[in-house]
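Colleague: Below is one structure. I have some questions about it.
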Amino acid sequence: MLNNNIFIRKFNNYDREDVRRISCDTAFSEGSRKYFFDDDEILADLLTLYFTDYEPNSCFVAVKGGKIIGYIMGTTDVKVMRKIFIAKIIPNLIIKGLSRSIIFKRNTRRFLLHILLSLLKGEFVRPDFSKQYPATLHINIDKAFRRHNIGKKLIEYYLKFLKEKKISGVHFGVTSESAKEFFIKLGFNILFVRKRSYLKYYLRKYITYYIFGILLK
């Protein structure tokens, strides 16, 4: 138990919709997701589907009064995750996107175009840290429950889980400056930094992508 009757427990399948809702609500810290992406179902699939459907045992939720208010999800082996993404998730997302005609929706089309331009510039090229840091994580807290120490407790819970699994390290990426400071305070190290331009059309500035990592042995 944390405080104010907030608990952390294992993810169950009936938590899925709440996790997907929070993932969409918090997907773009720079503004409402509707400025960038017009389809919540596809966005939630992209952000959470691997974790909830292929590796649910590595997912945990924070609960208050029966309501999901945050989650931490991950994989113990990013190489396995990548293979499933490429072979199963991405093809299904493309099919779903075509069937729902999201490319014809103005905000989504503009966002995807800038993602493509960023890709062509090499801004998504990054080192492979999976040998030393084979695990990854994805964490989000409902905006109404932030600054209640929930994120710190979720991270501690997840790191304990990884240590019990004998995982040597975990790495992950963030673009939020507040997230950067949060993870530095928790003892994570910055492994890689790169500027990205895909939100410049909206923010009028580059964003900075940080990869953090921590060794667990």
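Nothing in this text is a laboratory measurement; each read-out follows from the coordinates by a stated rule. Remember, it's a predicted structure, so these values are computed and weren't measured experimentally. Quick reminder, even Gly has a Cβ in these numbers, built from the backbone with ideal geometry, and neighbours come from all protein chains shown.
Colleague: Read phi for every residue in the stretch 204-217 and hand back ³J(HN,Hα) as whole Hz from Karplus 6.51 cos²θ - 1.76 cosθ + 1.60, θ = phi - 60°, with x for Gly and Pro.
Modeller: Calculated HN-Hα couplings, in order: 6, 7, 6, 9, 10, 9, 10, 9, 9, x, 8, 8, 10, 10 Hz.
Colleague: So if I take the alpha carbon set of the chain, get Rg, then get Rh from the Kirkwood formula, what is the Rg over Rh ratio?
Modeller: Values: Rg = 17.2 Å, Rh = 18.2 Å.
Here the Rg-to-Rh quotient is 0.94.
Colleague: A further question on this structure: Amide H of Leu191 versus every other amide H placed in the peptide plane: which residues, excluding those fewer than 5 positions away on the same chain, fall under 5 Å?
Modeller: Ile211, Phe212, Gly213
Colleague: Taking the beta-carbon count within 10 Å as an exposure proxy, list Glu41, Glu123 from fewest neighbours to most. Walk me through the numbers on the way to the answer.
Modeller: Numbers: Glu41 12, Glu123 18.
So the ranking, lowest neighbour count to highest, is Glu41, Glu123.
Colleague: Pull up all non-local amide H partners of Asn140: gap of 5 or more, or a different chain, and H-to-H distance under 5 Å with H placed in the peptide plane.
Modeller: Here Tyr71 satisfy the definition.
Colleague: Across 5 Å bins from 0, what is the distribution of all Cα-Cα pair distances for the stretch 78-186, in whole percents?
Modeller: 2, 8, 12, 16, 18, 17, 15, 9, 2, 0
Colleague: Follow-up question, since we're still on this one. Compute the signed sum of charges (Lys and Arg +1, Asp and Glu -1) over the other residues within less than 12 Å, Cβ to Cβ, of Val80.
Modeller: Working: positive: Lys79, Arg82, Lys83, Lys88; negative: Glu55, Asp77.
Net local charge, Val80 excluded: +2.
Colleague: Compactness ratio of the stretch 34-120: Cα Rg over 2.2 N^0.38 Å, N = residue count?
Modeller: Numbers: Rg = 15.2 Å, N = 87, 2.2 N^0.38 = 12.0 Å.
Scaled against compact globular proteins, the figure is 1.27.
Colleague: Out of the stretch 87-181, which chymotrypsin sites (Phe, Trp or Tyr not before Pro) are coil in DSSP terms and have no more than 15 other C-beta atoms within 10 Å?
Modeller: On the way: sites: Phe104, Phe111, Phe124, Phe129, Phe145, Tyr157, Tyr158, Phe161, Phe172; in loops: Phe124, Phe129.
Listed in order of number, the matching sites are Phe124.
Colleague: Treating the stretch 1-65 as a set of equal point scatterers at the Cα positions, no solvent, please give the Debye-formula log₁₀ I(q)/I(0) at q = 0.14 Å⁻¹.
Modeller: Per q value, in the given order, log10 I(q)/I(0) is -0.47.
Colleague: If you place +1 on the Cβ of every Lys and Arg, -1 on the Cβ of every Asp and Glu, and leave all else neutral, what size is the dipole of the stretch 54-126 about its Cα centre, to the nearest 20 Debye?
Modeller: Numbers: 14 positive and 3 negative charges, 71 e Å.
The dipole magnitude comes to about 340 debye.
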